[in-house]
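Okay, structure first, notes after.
The values are calculated or read from the model by the stated rules, or taken from the named source; none is laboratory data. Predicted, not measured: the structure shown is a model, and the values here were computed from it. FYI the Cβ positions are ideal-geometry reconstructions off the backbone, even for glycines, and counts take in every protein chain you see. The protein model used for the area step is the full one, side chains on, heavy atoms only, and it has no ligands, DNA or RNA in it. Shrake-Rupley method; radii C 1.70, N 1.55, O 1.52, S 1.80 Å.
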Amino acid sequence: MNLCVIPARGGSKRIPRKNIKNFCGKPIIAWSIQQAIASKCFDKIIVSTDDVEISDLAKSYGADVPFMRSKILSDDYIGTVPVISHAVRWQIENCQKPQYVCCIYATAPFIKSKDLKYGLKILKKFKP
């Protein structure tokens, strides 16, 4: 089982609401979700968020939002690793253990599905 986690906190200070701001005709997070889906690399695409509007938008573009992120994991100083770790632990406890995990940032509109496929191919080739 391959898991994609897209962290998307609602409380950005520098660019308020950046994860759902319009970028070339759609919310910026939509680009990451759509390319993750198009890659066909993932059995599940989870958006980890603390924001209802981001959650609803992510679901409308085809991502899962199986939990709302806690305030502890949503402050200004939390790093990406604890957020991804939380999502992976949630997945293990509630569904199944992923074999591969990929983090795609919500603000990565130039990511391409072909690059995700290539990255997975390399990862599988060099798996110990």
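Some points to look at:
- Probe 1.4 Å, accessible area per residue of region 1-52, Å²: 45
- Extension gain, K97-E53: 0.36 nm per intervening residue step, less the Cα-Cα distance, totals 13.0 nm.
- Rounded percent of accessible protein surface that carbon and sulfur make up, the chain, 1.4 Å probe: 56
- Exposed trypsin sites (Lys or Arg not before Pro) absent - longest run of the chain, DSSP non-H/G/I/E/B, at most 15 other C-beta within 10 Å: 72-111
- In the chain, the DSSP beta bridges split such that about 15 percent are antiparallel, to the nearest 5.
- Annotation: amide H of K26 has no partner in the under-5 Å range at sequence separation 5 or more or interchain, hydrogens built in the peptide plane.
- Database remark: amide H of G10 closer than 5 angstrom to the amide H of D50, D51 (H placed geometrically; neighbours at sequence offset of 5 or more, or on other chains; Pro and chain starts carry no H).
- Radius, Kirkwood style, for region 1-54 when every pair of distinct Cα atoms is counted (Å): 11.9
- Scanning the chain for chymotrypsin sites (Phe, Trp or Tyr not before Pro) in DSSP loops with at most 13 neighbouring Cβ atoms within 10 Å leaves 1-76 as the longest stretch between them.
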